[in-house]
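Trainee: Pasting in a structure now, in structure tokens, and then I'll have a few things to ask.
The values are calculated or read from the model by the stated rules, or taken from the named source; none is laboratory data. Everything quoted here is computed from the prediction, not taken from an experiment. When we count neighbours, we look across all protein chains shown, and the Cβ atoms used for this are built from the backbone with ideal geometry, even at glycine. Ligands, DNA and RNA are excluded from the accessible area calculation, which covers all protein heavy atoms including side chains. Shrake-Rupley method; radii C 1.70, N 1.55, O 1.52, S 1.80 Å.
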Amino acid sequence: MDGGTRGLRGGVRVAVLALLWGSTFLWIELALRGLSPLQVTFVRCFLGALVLLGAARATGRRLPRGAAVWRHLVVAAFFCNALPFALFSLGQQTVGSGLAGVLNATTPLWSVVLGLVLGSERGIRPVRLGGLLLGFAGTIVIFAPWHTSQAIGWGALAILGAAASYAVAFTYMGRTLVRRGTPTLSLSSAQLLAAGGLTAVALPVGGSEPVDLSPVVLVAAVVLSVFCTAVTFHLTYRIINDEGATNAAVVGYLLPVVSVLLGVVVLGEQVGVRVVLGMAVVLAGVAMTRAGAGRARGDGPGTVPHSAPASAQRQDAAGGSR
């Protein structure tokens with residue numbers, strides 16, 4: 001496959017991931033009408049794992065084997081699934097879905113800061129760093145905290161914590177799980193299964209509230225689990241595998257755009273000049289970031305280490321990205 005085709009496929013995955021991920025906050029808000037935050041988290045992990053396990057079985061993929069791999073999967077499940085899913089649901093008890101999407105867009109910035117701390121982003125190109133900062137500035141323009149009296153609170157802090165947790169998870173997954181010869185579908189299935197187990201352990205503490213499964217709540221829970229968790233999570237793994245952890249985090253910059261569009265289409269909200277300007281800045285930042293991604297990819301946290309044996313790289317090329 002040539003570079004242009006691969007880049008096109010990567011761009012399509014990013015767009016689909018941004019669309020599905022951006023609608024997550026709407027479905028969470030609807031699901032919270034009948035489920036507690038921890039119940040929403042458990043349903044996402046459990047049903048999402050069932051979907052991916054079914055896909056893995058249908059395609060002949062097996063779950064990873066070995067204690068070392070599963071230890072990494074449990075850590076990744078905590079930071080990428082159980083913790084941020086719970087923090088988003090907790091935060092959206094006081095924060096609207098649109099604002100949640102905007103706050104989640106800080107994930108790429110956390111990812112770059114983490115990369116700089118760990119030394120994996122030492123060679124970052126100025127255009128790439130500038131794009132990340134510009135994209136974050138665009139989310140600030142859309143957010144307009146100077147117009148919102150309740151922007152800072154425990155709910156907003158919880159969502160910011162979830163965004164930071166995603167950045168930690170993407171980097172950890174890129175360093176320990178992807179490009180090790182295990183198909184990404186096997187990894188994503190096993191990780192959601194582990195996240196379901198972690199959440200189930202916590203259910204007796206915060207998941208004993210009565211359940212109100214109205215049609216809206218039921219549909220929201222299913223869509224959230226199948227499309228916004230199972231499909232989105234597997235696409236995230238593919239992007240980390242193919243393009244690196246920081247590029248996966250860049251998807252977060254498109255979330256404010258999706259949130260605004262959903263507000264217009266679903267809720268009939270009016271779009272002002274400030275929002276249009278913010279969307280343009282975000283998209284410009286994304287373009288700058290991806291323009292600088294190609295040359296930075298070789299040192300990214302999601303790439304195969306240069307010291308990896310040739311046999312491991314051949315195994316990865318043969319089946320590790322499926």
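Trainee: Where does each of His72, His234 land when they are ordered by accessible area, with a 1.4 Å probe and the largest first? Don't skip to the end; give the middle numbers.
Mentor: Details: His72 60, His234 35 Å².
Result of the area sort, largest leading: His72, His234.
Trainee: Rounded to the nearest 10 Å², what accessible area does Phe85 show when all protein chains are kept and the probe is 1.4 Å?
Mentor: 10 Å²
Trainee: Sort 16-29, 106-119 by packing, meaning the average of other beta carbons within 10 Å per residue, with the highest value first. Don't skip to the answer; put the middle values down first.
Mentor: Details: 16-29: 22.7, 106-119: 19.9.
Per-residue Cβ counts within 10 Å, averaged per peptide and sorted highest first, yield 16-29, 106-119.
Trainee: Find the all-direction average of the projected area of the Cα convex hull for the stretch 194-238, expressing the result in square nanometres with one decimal place. Don't skip to the answer; put the middle values down first.
Mentor: On the way: hull surface 15.3 nm².
Hull-based average projected area comes out at 3.8 nm².
Trainee: Related question: Ignoring ligands and nucleic acids, what accessible area does Tyr166 show with a 1.4 Å probe (Å², nearest 10)?
Mentor: Tyr166 has an accessible surface of roughly 10 Å² with all protein chains in place.
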